[in-house]
1. Which percent of Cα pairs goes in each bin when the distances of the range 323-384 are cut into 10 angstrom slices starting at zero?
2. Restricting attention to the chain, give the cysteines that have no other cysteine Cβ less than 4.7 angstrom from their Cβ.
3. Between LYS239 and ALA73, what is the label-point separation in nm under the 7 Å Cα-to-beta-carbon projection?
4. Kindly write out, for the range 325-337 in residue order, the coupling ³J(HN,Hα) from the Karplus curve 6.51 cos²θ - 1.76 cosθ + 1.60 (θ = phi - 60°), rounded to whole Hz, with x marking Gly and Pro.
5. Could you order LEU153, LEU28 by accessible surface area, starting with the largest, using a probe radius of 1.4 Å?
6. Charges only on Cβ, +1 for Lys and Arg, -1 for Asp and Glu: so what's the dipole of the chain about the Cα centre, in debye to the nearest 20?
7. Using modelled amide H (1.01 Å from N, peptide plane; none on Pro or chain starts), what sits under 5 Å from the amide H of ILE160, excluding residues fewer than 5 places away?
8. Over the range 148-248, what number does the Rg to Rh ratio reach, with both radii from the alpha-carbon atoms and Rh per Kirkwood?
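The values are calculated or read from the model by the stated rules, or taken from the named source; none is laboratory data. No experiment lies behind these values; they were computed from the predicted model shown. All Cβ positions, glycine included, derive from the backbone under ideal geometry; neighbour counts span all protein chains shown. Just so you know, the surface numbers come from the protein's heavy atoms only, side chains and all, with ligands and any DNA or RNA stripped out. Shrake-Rupley method; radii C 1.70, N 1.55, O 1.52, S 1.80 Å.
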Amino acid sequence: MADSYDIVVIGSGPGGYVAAIRASQLGLKTAIVERDALGGICLNWGCIPTKALLRSAEVYETLHRLDEFGLKAEKIGYDAEAVVKRSRDVAAQLSNGVKFLMKKNKIDVIEGSGSLAGNGTISVETKDGKKKEIAAKNIILATGARARVIEGLEPDGKVIWTYREAMVPKTIPKSLIVVGSGAIGIEFASFYRAFGSEVTVVEVLDRILPVEDEEISKEAARAFKKRGIRILTGAKIGKTEVSGNGAKMSVTVNGKTDKLEAEKVISAVGIVGNVENIGLEKAGVKVEKSHVVVNEWLETGVKGIYAIGDLAGPPWLAHKASHEGILAAERIAGVKSLHPIDPRRIPGCTYSTPQIASVGLTEARAKEQGYEVKVGRFPFRANGKAIALGETEGFVKTVFDAKSGELLGAHMIGAEVTELIQGYGVAMTLETTEAELMQTVFPHPTLSEMMGEAVLDAYGRVLHT
C-alpha cells in the first residue's frame, strides 16, 4: 500500500483540520479526508456564514436607530441577495484559508468519503466513484453532525427548511415559524425578524434557550418579545400541512390549540451525529444515540481510533471540537502532562440580538450539585460604556461557591457578551477565586467593568448600583 500515515483524520471541520495541523506540528505524517469543502459545516454552513448574516442584520437594525445618535439617512433598505452573497463570500474565504493551512503544514488532503476498512485501513470513495485505500497507524473520526429530523416536520427545502436553506434565502419571507429555541433557532429568529419577518418561535420545553440560566432565558424572552418575536413555550406540535403558499401548523399550549400559518418553517430541533457509512460497526466502534462513545482522551475503545467534535457528543460547539482535536493529536504523539477537557469550562454563545453567553454551572445546577452559592448581578443600564453605545439591555451574572470562593459559572445577556465571556473562561481555567477577581483592574470605560461589578455584587461590595 503506497499511502501510509501516522494519522489520518476523516472530516475537515474545526475539529478535524485543527487535529491535522497539531499532528503535523508534532512531526507526524498526516492526511485529512474530506468529501466536500474544507472547513466542514462550521466554516461553510454554520458558525461563520451565520455570523456574517447576523452582522448584516445588526447593521440594518442600527441604521433604523440613527436618530438616537444624532444621525440621519434616507431610503434605508436591504438587498437579500447581496446579504447572502456576502455571507457565502466570507465562508469561501475561510475555506480557502484552511486549504492554505493544509499546504503550509504539509498535510495531504484526500478528496472523497472515507470509511474504516479494518486493520488500520481507510477506504476512500472519490466523487467519480473510484476507490482507494490508505493506511494509518491512528485514525481520528471527525465527521460531525447534521440537523435532526422529527416526524411530521421533514424538511422539503422549499417550505420546511433546515439551517442550510435558511442561510441562502432568495427573498426574506413575510412570515416564519422557527421550531426549536436553542442557539441555532434563536439566531435565525433574530436574523429574519431584523429584516421584517413576522417570526414565531415554538419550543416544546417550558422556556427558550433551555440550557441557559433561568434568569437569562427569562430576560431573553422579554427582549425577543419586545422586538416583536412571538414565543410559544411548553408547546405540543400537531399536524403540519404544506402547500405552495406556505405551511399551517397545529400547536397546543396550555390545552389551547392554535393554527399557525407562515410562508416558511425552520426546523432547529437539534443534531444527530454522522455515524452512518463510515465503517463503525465493522471496526467495532461503539455508538450510542447517534454519537460515538469515547473516554476522556477521545479514545473509542478500538486501539488507534479516536472520535472528536459533534460526532463524539455534546456540547455541540466548534471550539470544543478544536480542543478535542488538539488533545487527540497530542495523546497520539505521546505529549506528557495532558489534561482531559472539562466541559464546565467550555463557553457557549448565541449571537442573537441581544447576545447570550455563558460558562460553567447555572445557579440551579450548582444548587442541585450541593453547592451553597453566592450570586452577583450587574445591569448594562448602569455601565457607562453601554450607555454611550446605546446598548443598555441585559445583565451579567456570576455564581460562586460560598465556601471556597470558586467561580462556578457566569452568565450574560447583552451587547458583545460573546466577546466578554472568555474573561470568565480564563478565570475558571486558572481556578481563580473571588479574591483574585476583585483585585483585577478592569479598564474604564468598557463593558468589561460589568464583569468586575458582578463579582463585587456577589459579596455585597458592588459600587455602581
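1. Per 10 Å bin, starting at 0, the Cα pair percentages come out as 15, 29, 29, 20, 6, 0.
2. Result for the chain is CYS349, no neighbouring Cys Cβ within the cutoff.
3. 4.7 nm
4. Couplings: x, 5, 4, 5, 4, 5, 4, 5, 6, x, 5, 7, 6 Hz.
5. My answer, sorted largest first, is LEU28, LEU153.
6. Dipole about the Cα centre, nearest 20: 780 debye.
7. Long-range HN contacts for ILE160: VAL265.
8. 0.95
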